[in-house]
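Reading through the structure tokens given below for one structure.
The values are calculated or read from the model by the stated rules, or taken from the named source; none is laboratory data. Just so it is clear, the model here is predicted, and its values are computed rather than measured. Using ideal geometry, Cβ is built from the backbone for each residue, glycine included, and neighbour counts are taken over all protein chains shown. Areas reflect the complete protein model, heavy atoms only, side chains present, ligands, DNA and RNA absent. Shrake-Rupley method; radii C 1.70, N 1.55, O 1.52, S 1.80 Å.
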Amino acid sequence: MARSYLFIPGNHPAMIQNADVFGADALIFDLEDAVAAHEKDAARLLLAGFLAKARPQGVRVYVRINGLDTPLACKDLEAVVGDAVDGIVLPKAGMSELMELSTILHNLEAQKGLAKKIAILPIVETAKSLVEVEEIAKLSRLDGILLGAEDLSADMEFERTKAGTEIEYPRARIAFACKAARIEAIDTPFTDTNDPDGLREDCLHSQSLGMNAKAAIHPNQIETIHAVFSPSPKRIEWALRIRAAARKAGEQNLGVFSLDGKMVDKPIIDRAEKILRAAERFGLLPEERA
Amino acid sequence: MKPGIAGTLESNDAIFTVRPASTRHVVIHSVVDAFYHDQIAQVIETTLDELAITGLDVLCEDKGALDYTLRARLIAAIQRMEA
Amino acid sequence: MRNAAGRVVPDGMPAFAGADAYRSHSRVLLSQEPRKHPPVFYSSLSAVFAAAPVVDGMTLSFHHHLRNGDKVTNAVCAEILRRGLKNLTLAPSSVFPTNAILAELIQAGHVTNLRTNYINGPAALPIEAGKLRGLLLMDTHGGRARAIESGELPIDVAFLAAPAVDRNGNGSGTMGPAACGSLGYAQPDLHYAKYVVLVTDTVVDSLDRIDLDGAFVDAVLVVDSIGDPEGIVSGTTRITRDPVGLKIARDAARFLWEVGAIRPGFSMQTGAGGTSLAVAAQVRSLMREHGIRGSFASGGITGYYVDMLEEGLFDHLYDVQCFDLSAVRSLAKNALHQAISASRYGNPFDHDPIVDQLSFVILGATEIDLNFHVNVTTDSFGRLIGGSGGHADTAHGAKITVITTNLTKARLPIVKQRVTTLTTPGEDVDVLVTERGIAIRPDRIDLIAATRNSRLPIRTIEDLLQTAHALSGVPKELPHGTRIIGHVLYRDGTVIDNLYQPSQD
């Protein structure tokens, strides 16, 4: 469970070593678009060295590798797959690429004697992968699916706008596929790093379509993303009251009960528990302050 | 063989320039030389030992890179020289 | 002997005895002598030198309100050189890179002693090389005012840049091409120097305001230009975009919020650095969000604080120097924006110094150690890179003193076992905010208690040092040089540390 996935350029030592100070729930170290073609080798070595010696604690760590259609992808995987990495972010991911990546990871895990399974976070950024997203979402190893709106807009030949009406359909479709498969629906980054109000609007919009997290391309975006994708103090308080009332009802063997004059049944209790799980994961429960 | 060069002069990075040579010869220019010279030299020597390189001219221009960055830049420079 | 901060002070020098030791002393004040004759107007510096007269062995003073655009100090230095004067003491309130000519005067022995609050640039080089024959004494802004008013720093001739002057010798800081606003640091020199020269490029019939009282002026020197307005603006008046700096600023503001320091009627000061201004921006949004109006902001004033005043977030600005032209314009037109003297600002013996009324101050550090001692005077090699300015004054006065800094810069840990040079004693410092945690001085049990139930990353300073060492490795300890080239003076004029010639290896 994560609200924010912060991209960190893979060949930038100063940013890599400070990646963990901004409170992002997950980090994506980028070997793809953030690294110039002639620096791919250096970035790979740098990132592998960093992960081996200084992997940040208390945060999920992903690496975006270069596309499987390039000779770089296998070198990237060979260099970074290990205990320090939680998952691989795959650009331009379709069903066939994801099956291929899964096989490569399986072999690398065996070869390196890893006890854990490396997760996959596909980026849906082509029309083709969007129309197979329900199939993609069912694959094992997936932590979630990330929408890549910039590349998708190129493929679809539509213009990206701040309002984002052109990506309502992809957002909703990915969100449904992810929710059905019980994985994370991660929204495309907001590309203006200097517009917190615009970012907030964009987060609220994607949340209203079912997205539950967002990628960030600048540390200054984390605070706003968390503000939107965290359960609000009011919701947490409500959920805690539901939980308390449900426990009390349980002691009295009541299946259905009312709170504040409203009927409370299982779906509402489940919703409350979901909010509390998120609140606990993000350290937002009031008890934790004691 | 052409020299191998890797890295940048940004803060927390370093540029390594390496050339083939019959013995090891390491020159370090670092903004933190007074405080970390020995540690930087140690990283370079250890990395060359690991790679079993007995002869190399190494120029390290350091802007406060951490050990793993120094090591990564040195290896990248060597691989580029060999490529 | 060892002073109260554990530093060895040479025999015969007054040793720092604790930040509150001044309270057991009473104020010493020279009398202010209004002049019996109106000032004489000159058009040549040479004529002023002859009239004063300026002779070997004298002490000459300057203010630094024109900062890196200052031409007055440089013109006086050139005249000293031309006349071949010897053994002078210079007492500018600060020395900037533009004052490069001073290096030549030090090299050749024209200037043998320097007393200032801040120095960086070429003039520092011969001092580091041991060429200053006497000593470099570095005051705080408040300490300089105290030293001058008490006669500890007697000034023979003060050359005071005045952006506009009227026929009676009154000066204004807000008119003329080199308008620089408040002339707070010039006030002690004006009132206590034996001979006072206003240097101006603008003579007018009437002034919009009087910053320099003509009753204490002996001479007015009219020149083509006293300063370059471009250089007046401090280089660091923009909010940082650096994510680490912003993270530190956010945590500092959250800390102040959690401990209840941002409440109706509070007062604050920040430096003009990018991170300090980012803290101000965070505080501003908290004030808006919660409808809080503060009493005042003080110190060097930027346009950012002017905006906050105009927005109604503060009752007043108390301005000892303007950091940009927006502050200059505001000072000229807004009665709520008031100029204050260096003494009113930070003199420990002033009846009501502004620094003592501060709820909190945000300050920087080039080094901070396990005792919370702060260095802003030298780098870790011992090279001169600044000085206290108002650092120790505000740190002592403010109820909460917050140091904001990166934990490491280009690998080098900013948290040290022991600072290279001690500028502000740990007893004046309360909190250190870094990107990897916040450390509170153990004796501030109130602040520790107030943040115990917060989600702030509170850690011990020892823990932060460990973290820095884990990231960077333990830096080699550099032994300081053996030759003393000067002293860092605390606000009361006692020696808090020595300045050593950096070892040349």
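List of remarks:
- Counting only helices (runs of 4 or more DSSP H) that fall entirely inside region C:191-300 and contain at least 2 residues that are surrounded by 21 or more Cβ atoms within 10 Å (Cβ to Cβ), the qualifying elements are C:243-258, C:274-290.
- Region C:484-505, residues that are small (Gly, Ala, Ser) and surrounded by fewer than 21 Cβ atoms within 10 Å (Cβ to Cβ): C:Ser503
- Here C:Arg411, C:Arg455 are screened, and the one residue that is open to solvent by 40 Å² or more (accessible area, probe 1.4 Å) and over 16 Å from the mean Cα position of the chain (by Cα) is C:Arg455.
A quick yes/no check of all residues on (1) away from chain B (no Cβ under 14 Å); (2) closer than 26 Å to C:Ser150 by Cβ; (3) assigned to a loop (DSSP other than H, G, I, E, B):
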site: C:Val328; (1), (2), (3): yes, no, no
site: C:Tyr345; (1), (2), (3): yes, yes, no
site: C:Phe349; (1), (2), (3): yes, yes, yes
site: C:Ile368; (1), (2), (3): yes, no, no
site: C:Asp393; (1), (2), (3): yes, yes, no
site: C:Thr420; (1), (2), (3): no, no, yes
site: C:Glu427; (1), (2), (3): yes, yes, no
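- Flag for C:Thr174 being touching a Gly at 6+ places or on another chain (Cβ under 7 Å), in the same structural domain as C:Leu198 (by TED's automatic domain parsing) and closer than 13 Å to C:Ala342 by Cβ: no
- Test: residue in region C:35-57 that is touching a Cys at 6+ places or on another chain (Cβ under 6 Å) and either modelled with pLDDT of 95 or more or outside the structural domain of C:Val223 (by TED's automatic domain parsing) (or both): no
- Listed conditions (1) among the polar types (S, T, N, Q); (2) open to solvent by 60 Å² or more (accessible area, probe 1.4 Å); (3) touching a helix residue (DSSP H, G or I) at 6+ places or on another chain (Cβ under 7 Å) are all met by B:Ser30, apart from (2).
- Looking across region A:164-188, the residues that are farther than 18 Å from A:Asp143 by Cα and either among the charged types (D, E, K, R) or free of Cβ contacts under 8 Å to residues at least 12 places away in the same chain (or both) come down to A:Thr165, A:Glu166, A:Glu168, A:Tyr169.
- Selection count where residues are assigned to a loop (DSSP other than H, G, I, E, B) and either crowded, with 24+ Cβ neighbours inside 10 Å or within 14 Å of chain A (Cβ to nearest Cβ) (or both), scope region C:431-452: 3
- Residue selected from region A:4-19 under the condition of a type in the set (A, V, I, L, M), within 13 Å of chain B (Cβ to nearest Cβ) and touching a residue at least 24 places away in the same chain (Cβ under 8 Å), by the criterion farthest from B:Arg71 (Cα to Cα): A:Ala19
- Restricting region C:460-475 to residues that are within 18 Å of A:Pro56 (Cα to Cα) and open to solvent by 70 Å² or more (accessible area, probe 1.4 Å), the residue that is nearest to the other protein chains (Cβ to nearest Cβ): C:Ala470
- Subset tally (residues that are of a type outside the set (Ser, Thr, Tyr) and within 14 Å of chain C (Cβ to nearest Cβ)) for region A:192-224: 14
- The set of residues in region C:454-505 that are closer than 30 Å to B:Val43 by Cβ and not assigned by TED's automatic domain parsing to the domain that holds C:Val433 comprises C:Pro502, C:Ser503, C:Gln504, C:Asp505.
- Where strands (runs of 3 or more DSSP E) fall entirely within region A:180-290, those with at least 1 residues that are open to solvent by 20 Å² or more (accessible area, probe 1.4 Å) are at A:184-187, A:257-259, A:262-264.
- Per-region count, region C:217-251, residues touching a helix residue (DSSP H, G or I) at 6+ places or on another chain (Cβ under 7 Å), touching a residue at least 60 places away in the same chain (Cβ under 8 Å) and within 14 Å of chain A (Cβ to nearest Cβ): 6
- Just one of the listed residues (A:Ala43, A:Ala52) is assigned to a helix (DSSP H, G or I), at pLDDT 95 or above, within 14 Å of chain B (Cβ to nearest Cβ) and surrounded by fewer than 24 Cβ atoms within 10 Å (Cβ to Cβ), namely A:Ala52.
- Residues being surrounded by 17 or more Cβ atoms within 10 Å (Cβ to Cβ), in contact (Cβ under 8 Å) with a residue 60 or more places away in the chain and in contact with a Lys or Arg (Cβ under 9 Å, 6 or more places away or on another chain) - total across region C:100-131: 4
Results for (1) away from chain B (no Cβ under 12 Å); (2) assigned to a strand (DSSP E or B); (3) open to solvent by 30 Å² or more (accessible area, probe 1.4 Å), shown as yes or no for each residue.
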residue	(1), (2), (3)
A:Ala2	yes, no, no
A:Val21	yes, no, no
A:Phe29	yes, yes, no
A:Asp33	yes, no, yes
A:His38	no, no, yes
A:Leu47	no, no, no
A:Pro56	yes, no, no
